[in-house]
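Note sheet for the following structure.
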Amino acid sequence: KDTLIVWSEAENYDLALSFQEKAGCDEIWEKICQVQGKDPSVDITQDLVDESEEERFDDMSSPGLELPSCELSRLEEIAELVASSLPSPLRREKLALALENEGYIKKLLEIFHVCEDLENIEGLHHLYEIIKGIFLLNRTALFEVMFSEECIMDVIGCLEYDPSLSQSRKHREFLTKTAKFKEVIPISDPELKQKIHQTYRVQYIQDMVLPTPSVFEENMLSTLHSFIFFNKVEIVGMLQEDEKFLTDLFAQLTDEATDEEKRQELVNFLKEFCAFSQTLQPQNRDAFFKTLSNMGILPALEVILGMDDAQVRSAATDIFSYLVEYNPSMVREFVMQEAQQNDDDILLINLIIEHMICDTDPELGGAVLLMGLLRTLVDPENMLATANKTEKTEFLGFFYKHCMHVLTAPLLANTTEDKPSKDDFQTAQLLALILELLTFCVEHHTYHIKNYIINKDILRRVLVLMASKHAFLALCALRFKRKIIGLKDEFYNRYIMKSFLFEPVVKAFLNNGSRYNLMNSAIIEMFEFIRVEDIKSLTAHVIENYWKALEDVDYVQTFKGLKLRFEQQRERQDNPKLD
């Protein structure tokens, strides 16, 4: 087809070659047809037959597949049989059935013990190939045998003897001696315990033992992925139903007598529990988070976030992020209720803001995550409106009253003079994050943020950061102002003119000199916006106060155009008849 050559192999593999030019495609097509003895002028040359000749022959000649008797001397023959069956769907099916019916896997594992005792390396290499081939058959029934308590360690043993490696791997040693199963709260159900061990080991086989699948093998292991997936779903379900287990977990988490190490393990468990829950179907995930919510996960997180141990706090933050992503309204409702009983400084949201501000990582990895969560919480797009109340009005009223001062504190502390008092990289990064959130608020929070900015003179403080030596921070400050001007709101405009808030921008523009960089372009774009949108009050203000400084800029027509607008305005005022 034009620049494609398409063909299929086996029943579920379609392959294609794509060419840039039709001429190149035609040339290769002719070569292929020449080798196959087909006519290149025909578009479709592949016989539409599902099976190859060999398979048809197989199908007719033998109802099932005869496996060689399971003996040490015939391992090579068995390995060849498995390898030769993999490419053909029909033979794979027959091989899988034969392995199931004859209890063959257990017999192979008995031979494995013999080979290990005799140190028969050649036999062990064959067994590796056979077991790896059985994995690629992708059959749940076979996995259930292989991953049973009695077989799984031997299966892992077979996979230690990869012929392509000079030395065998010590997977079993790792699983029995190094890997430790931590029971933070004793699990009484033996079936659940067994399921957890099995899932860990199968996950280990998938991640560590089996060689990374090639592109062609990738979908041959889909059943293995599903096996792990369903196991996780079962584990979450069983734990969730065990009321005593969860009650103990939360009681110990929040108990002041619990020692540091124990608490860290409890929090890590809860974090892993939430991570497992991500595999659930939506309705099961709803039930999962409802259970956690009823158990008091939010008050527990609040207690943990107020502690000194950084590792525990970091895990608690991850758990909090699962909750916010799952149901921001639930978190908002909790925070508003607790505000009626507690002081501002121990409110959950304020603890989150504090952790963001105090992140010690030079790259502020944690702070970036927390800022994303705050943004989700203050985003009106995901707030509910019911008949009797709107979450947006209530929550934003609460946020601006109890939390906004905590968020802006670092900004206000750093901008008391006409340049930032601390201008190191980490401070600059933090202020940039705070500005990003404030800019988001300007766009989405109409009057709450407007009152806040005008009453606290926030824009003047933000523009102090235009003098930062970090260009990214100066640009953040400029972006904040540009967002405000973009609203074309006369309340904001009057505030900007009254406080002469173009001064820091013009100063930065002149200090930037003739450098043609992002700062230069961004400032010109702001003035261009005022000109194009014909914002009369700001046009007059800029020309009356800053024309002297800007009149020589002639590499763009922006300022001359602003002056022209200003003069046209004047003429209209002086001569009302002119329209």
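Inspect the range 533-552 for any residue being surrounded by fewer than 14 Cβ atoms within 10 Å (Cβ to Cβ) and more than 25 Å from Gln569 (Cβ to Cβ) and give the result as yes or no.
No: the range 533-552 contains no residue that is surrounded by fewer than 14 Cβ atoms within 10 Å (Cβ to Cβ) and more than 25 Å from Gln569 (Cβ to Cβ).
Ile131: open to solvent by less than 70 Å² (accessible area, probe 1.4 Å) and closer than 20 Å to Leu210 by Cβ, yes or no?
Yes: the conditions hold for Ile131.
Would you say Phe147 is surrounded by 12 or more Cβ atoms within 10 Å (Cβ to Cβ), at pLDDT 90 or above and farther than 30 Å from Leu246 by Cα?
Criteria not met by Phe147.
So, in the range 12-21, of the ones that are loosely packed, with under 11 Cβ neighbours inside 10 Å and not hydroxyl-bearing (Ser, Thr, Tyr), which residue ends up farthest from Arg92 (Cα to Cα)?
Only one residue fits best here, namely Glu21.
Hey, among Leu67, Leu90, Leu81, Leu75, which residue is closer than 18 Å to Ile131 by Cβ, modelled with pLDDT under 90 and either small (Gly, Ala, Ser) or surrounded by 15 or more Cβ atoms within 10 Å (Cβ to Cβ) (or both)?
Going through Leu67, Leu90, Leu81, Leu75 in turn, the sole match is Leu67.
Please enumerate the residues belonging to the range 173-207 that are in contact with a helix residue (DSSP H, G or I) (Cβ under 7 Å, 6 or more places away or on another chain) and either in a helix (DSSP H, G or I) or outside the structural domain of Thr223 (by the TED database) (or both).
Within the range 173-207, Leu175, Leu192, Lys195, Ile196, Gln198, Thr199, Arg201, Val202, Gln203, Tyr204, Ile205, Gln206 qualify.
Kindly evaluate Lys450 against the criterion of being in a helix (DSSP H, G or I), open to solvent by less than 30 Å² (accessible area, probe 1.4 Å) and out of contact with any strand residue (DSSP E or B) (no Cβ under 7 Å at 6 or more places or on another chain).
When the stated conditions are applied, Lys450 does not pass them.
Tell me, yes or no, whether the range 369-383 has at least one residue that is buried (at least 19 other Cβ atoms within 10 Å of the Cβ), touching a residue at least 40 places away in the same chain (Cβ under 8 Å) and more than 18 Å from Ile357 (Cα to Cα).
No, every residue in the range 369-383 fails to be buried (at least 19 other Cβ atoms within 10 Å of the Cβ), touching a residue at least 40 places away in the same chain (Cβ under 8 Å) and more than 18 Å from Ile357 (Cα to Cα).
Kindly list, by first and then second residue, each pair from a residue in the range 173-186 that is open to solvent by 70 Å² or more (accessible area, probe 1.4 Å) to a residue that is part of a helix (DSSP H, G or I), limited to pairs with Cβ atoms under 7 Å and residues at least 6 apart or on different chains.
Phe181/His197; Lys182/Glu265
Is the range 417-426 home to any residue that is assigned to a helix (DSSP H, G or I) and open to solvent by 20 Å² or more (accessible area, probe 1.4 Å)?
yes
Mind listing whichever residues of the range 93-106 are of a type outside the set (Asp, Glu) and surrounded by 14 or more Cβ atoms within 10 Å (Cβ to Cβ)?
Result: Lys94, Leu95, Ala96, Leu97, Ala98, Leu99, Tyr104, Ile105, Lys106.
Can you name the condition, by its number, that Val324 falls short on among (1) open to solvent by 60 Å² or more (accessible area, probe 1.4 Å); (2) in contact with a Ser or Thr (Cβ under 6 Å, 6 or more places away or on another chain)?
Here Val324 meets the rest and fails (1).
Report the residue count in the range 289-306 for those that are open to solvent by 40 Å² or more (accessible area, probe 1.4 Å) and either of a type outside the set (Ser, Thr, Tyr) or not assigned by the TED database to the domain that holds Leu347 (or both).
So the count comes out to 6.
Return yes or no: is Glu54 surrounded by 10 or more Cβ atoms within 10 Å (Cβ to Cβ), modelled with pLDDT of 85 or more and either assigned to a helix (DSSP H, G or I) or in contact with a Lys or Arg (Cβ under 9 Å, 6 or more places away or on another chain) (or both)?
In short, no.
Does any residue in the range 482-509 that is farther than 14 Å from Leu459 by Cα come within less than 9 Å, Cβ to Cβ, of a residue that is of a type in the set (Lys, Arg) six or more places away or on a different chain, and which pairs are these?
The qualifying pairs are Leu487/Lys450; Asp489/Lys450.
Every residue in the range 329-368 that is open to solvent by 30 Å² or more (accessible area, probe 1.4 Å), touching a residue at least 60 places away in the same chain (Cβ under 8 Å) and touching a Phe, Trp or Tyr at 6+ places or on another chain (Cβ under 8 Å), please.
Met336, Pro362
Kindly provide the set of residues from the range 384-407 that are of a type in the set (Val, Ile, Thr) and either assigned to a loop (DSSP other than H, G, I, E, B) or touching a residue at least 40 places away in the same chain (Cβ under 8 Å) (or both), ordered by number.
Across the range 384-407, the qualifying residues are Thr386, Val406.
Can you go through Leu224, Leu239, Leu210, Leu159 and tell me which one is touching a residue at least 60 places away in the same chain (Cβ under 8 Å) and crowded, with 19+ Cβ neighbours inside 10 Å?
Unique residue meeting the criteria: Leu224.
The values are calculated or read from the model by the stated rules, or taken from the named source; none is laboratory data. Everything numeric in this text was worked out from a predicted model, so none of it was measured. Methodologically, a virtual Cβ is constructed for each residue, glycine included, from the backbone with ideal geometry; neighbour enumeration extends over all protein chains shown. Side chains are part of the model used for accessible areas, which takes the heavy atoms of the whole protein and leaves out ligands, DNA and RNA. Shrake-Rupley method; radii C 1.70, N 1.55, O 1.52, S 1.80 Å.
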